[in-house]
Amino acid sequence: MNTLKSFLVLSFAMLCMTNAMAESNAPEDKYVVITNNSDRDIFYLYVSPESSGDWEDDVLGDDVLLAGDDIKINLYGYDECMFDIKAVYDNEEEEFSWDVNVCIDDVEFYGAGNDEVIEGLYVNIANETSVDIWYLYMSPQSSDSWEEDVLGENDILLAWDDMKIDLDGYEECLWDFKAVFADDEEVELYEVNVCEDNVTFYE
């Protein structure tokens, strides 16, 4: 066998081996279950790989994800696990779920907003670390920027301490939180359902 022919045969063999390895490493039977835990129907549902810069086509098509129902979305052919998901409700409000590891987690939507203000809404925030929190930011998930520091100029959340934050007047349950510690470390928590859960920052 001459040198050129040997090179071509070897290259083809390596290509076949690379493709086989890629197929073997791709997660099999990949899917995500999306649950609509809101009181509104979801008219449009977009699921895109995190690496994509655009939303893919609406996966519901002519269907509607009714309030309280769930749907299984097959993701065959994708080699990655991290996805972004957007729900559009019947009132045209949008809710997002970012950086979802569909190889491990499913997705629940609770509603981007409610028709009425949630009375008596609050959240307990615990600092279960050995470092004081100097700044504490929180914003509804529908917002694209952090609100003002809830600790103000004179307060801090001491290590191993907790505090109650009143959220009267807000219309949604999903919130994002950011704590800035005395050592300048920042910790962010996303999509916390304050209607059900409290917030804890750990070491």
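List of remarks:
- Identification of strands (runs of 3 or more DSSP E) wholly contained in the range 19-113 with 3 or more residues that are surrounded by 14 or more Cβ atoms within 10 Å (Cβ to Cβ), at pLDDT 90 or above and among the β-branched types (Val, Ile, Thr) yields 31-36.
- Taken over the range 185-203, residues that are surrounded by 13 or more Cβ atoms within 10 Å (Cβ to Cβ) and farther than 17 Å from Tyr122 by Cβ amount to 4.
- Those residues of the range 165-189 which are closer than 30 Å to Asp39 by Cβ, assigned to a strand (DSSP E or B) and not aliphatic (A, V, I, L, M), in sequence order: Asp166, Trp175, Asp176, Phe177, Lys178, Glu188
- If the condition is being farther than 24 Å from Ser97 by Cα and in a strand (DSSP E or B), then the range 127-164 contributes Asn127, Glu128, Ile133, Trp134, Tyr135, Leu157, Asp162, Met163, Lys164.
- In the range 185-203, the residues that are without any contact (Cβ under 8 Å) to a residue 24 or more places away in the chain reach residues that are among the charged types (D, E, K, R) with C-beta atoms within less than 9 angstrom, at least six apart or across chains, in these pairs: Glu186/Lys178; Val187/Lys178; Glu188/Asp176; Glu188/Lys178; Leu189/Asp176; Leu189/Lys178.
The values are calculated or read from the model by the stated rules, or taken from the named source; none is laboratory data. All of these numbers come straight from a predicted model, not from anything done at the bench. Backbone-built Cβ (ideal geometry, glycine too); neighbour counts: all protein chains shown.
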